[in-house]
Amino acid sequence: MKTEEKLIRLLIVDEDPHKAEKMTSSLRATGMQVRAEFAEDDEDMAELLANKTFDLVVFSLDLPDFEIARAQQLLDACGEHIGLIALAQSVDTDVITETISAGARDVVDSASTRHLIQVIEREARAVSDWRRARRLEAQFQE
């Protein structure tokens, strides 16, 4: 696998840049190659999506004025295949079902770094596999 394919380009949407940096450090400590950007609101997220390429978005459900459904709309509008992972301080069945219905691939308790790492690894593989399949399909069509 190429080095560029091992790199996970992550967009972290949270109101606390310190939490985003801590998350990035935790991922790197496991050996992941991570390039992370940070957004606080939908305007930041829209601007970053318009100007950079991402594999995954980690979205805090605790943002007061930015809901995950809006984040999914921004992802749909950018036209790229980007996975959406939700972080919540309190995870229960209702939160999980509502969040996945809104477009998230998974919901992780924000206190569970180990689970977050597992989900990011899984979703990064899924995005990479999807993109590889699209490239192969395009080559086959030629």
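The values are calculated or read from the model by the stated rules, or taken from the named source; none is laboratory data. Treat the numbers as computed from the prediction; the structure is a model and nothing was measured. No Cβ is skipped: glycine too gets one built from the backbone with ideal geometry, and neighbour counts run over all protein chains shown. Just so you know, the surface numbers come from the protein's heavy atoms only, side chains and all, with ligands and any DNA or RNA stripped out. Shrake-Rupley method; radii C 1.70, N 1.55, O 1.52, S 1.80 Å.
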| remark: Taking alpha-carbon centroids only, region 22-48 lies from region 61-81 a number of Å equal to 15
| said: If R₀ is 41 angstrom, what is the calculated FRET efficiency for the pair PHE140 and THR30, using the beta carbon separation as r and rounding to 0.05? | reply: 0.70
| task | Please give every one of the aspartates and glutamates within straight-line cross-link reach of LYS19, meaning a C-alpha to C-alpha distance under 13 Å, and leave out same-chain neighbours fewer than 8 residues apart. | result | GLU37, GLU40, ASP62
| When the accessible area of the chain is computed with all protein chains present and a 1.4 Å probe, what percentage of it is carbon and sulfur? | 45
| What is the projected area of the convex hull of the Cα atoms of the chain, averaged over all directions, in nm²? | 8.9
| said: Output wanted: per-residue J couplings in Hz (rounded whole) for region 38-48, from phi through Karplus 6.51 cos²θ - 1.76 cosθ + 1.60, θ = phi - 60°, x for Gly and Pro. | reply: 10, 10, 9, 8, 5, 5, 4, 5, 4, 5, 5
| query | How many Å² of accessible area per residue for the chain, probe 1.4 Å? | reply | 59
